[in-house]
Amino acid sequence: MDIVGLENARAWPGLDVFDRDGEHIGRLSGLYLERETQAPMFGLVRTGLFGLRSVLVPLAGAFEEGGALIVDIEKHATKGSPQLRRDEMLSEGAELELYEHYGLEHGPRRRLELWELEHAR
């Protein structure tokens, strides 16, 4: 899968997120970057009726189309993914669980950091 660059992804928060089959997942509320490369690795997507919970979805292969974000997974793949409550930070344990859930290699140390929207201003 193609790695997404921050220059493209920084405009994505606020977009509705759909899986590769067109199923609505939720709305993108943030980006998690790989610390060393600053590559966007996961999108924080608010789900549910009131958007009180969020799931993280891989951004590799994601693209914007028609004002929406299309991610290269199926919606059912988000089931069982670590969930975050609104304003909850990603713990080290949840980060490891996240990589395992999506079958991605993690490595020996913490890799992800939340990209703050003020970086774009």
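For region 63-79, state whether one or more residues are of a type outside the set (Lys, Arg), part of a loop (DSSP other than H, G, I, E, B) and in contact with a helix residue (DSSP H, G or I) (Cβ under 6 Å, 6 or more places away or on another chain).
Looking for residues that are of a type outside the set (Lys, Arg), part of a loop (DSSP other than H, G, I, E, B) and in contact with a helix residue (DSSP H, G or I) (Cβ under 6 Å, 6 or more places away or on another chain), one finds none in region 63-79, hence no.
Kindly provide the set of residues from region 62-81 that are touching a Leu at 6+ places or on another chain (Cβ under 8 Å) and either acidic (Asp, Glu) or over 10 Å from LEU15 (Cα atoms) (or both), ordered by number.
Hits for region 62-81 are ALA62, PHE63, GLU64, VAL71, SER81.
Please count how many residues of region 2-14 are surrounded by 14 or more Cβ atoms within 10 Å (Cβ to Cβ) and either more than 12 Å from ALA62 (Cβ to Cβ) or touching an Asp or Glu at 6+ places or on another chain (Cβ under 7 Å) (or both).
4
If you take the residues of region 19-48 that are out of contact with any strand residue (DSSP E or B) (no Cβ under 8 Å at 6 or more places or on another chain) and modelled with pLDDT of 95 or more, which of them is nearest to GLN83 (Cα to Cα)?
Restricting to residues being out of contact with any strand residue (DSSP E or B) (no Cβ under 8 Å at 6 or more places or on another chain) and modelled with pLDDT of 95 or more, the top hit is GLU23.
Quick one: what pairs do we get from region 86-105, first residue touching a residue at least 24 places away in the same chain (Cβ under 8 Å), second loosely packed, with under 15 Cβ neighbours inside 10 Å and not β-branched (Val, Ile, Thr), C-beta under 6 Å, 6+ apart or different chains?
ARG86/LEU52
Out of all the residues in region 70-80, which are more than 17 Å from ALA39 (Cα to Cα) and surrounded by 14 or more Cβ atoms within 10 Å (Cβ to Cβ)?
If the condition is that a residue be more than 17 Å from ALA39 (Cα to Cα) and surrounded by 14 or more Cβ atoms within 10 Å (Cβ to Cβ), then ILE70, ILE73, LYS75, ALA77, THR78 are the ones that fit.
Test each condition in (1) modelled with pLDDT of 95 or more; (2) under 17 Å from GLU105 (Cα atoms); (3) surrounded by fewer than 20 Cβ atoms within 10 Å (Cβ to Cβ) for GLY61 and report the one that comes out false.
Only one criterion is unmet by GLY61, namely (1).
The values are calculated or read from the model by the stated rules, or taken from the named source; none is laboratory data. It should be emphasised that the depicted structure is a prediction, and the values quoted were computed from it without experimental measurement. As a convention, Cβ positions derive from the backbone with ideal geometry for all residues, glycine included, and neighbour counts pool all protein chains shown.
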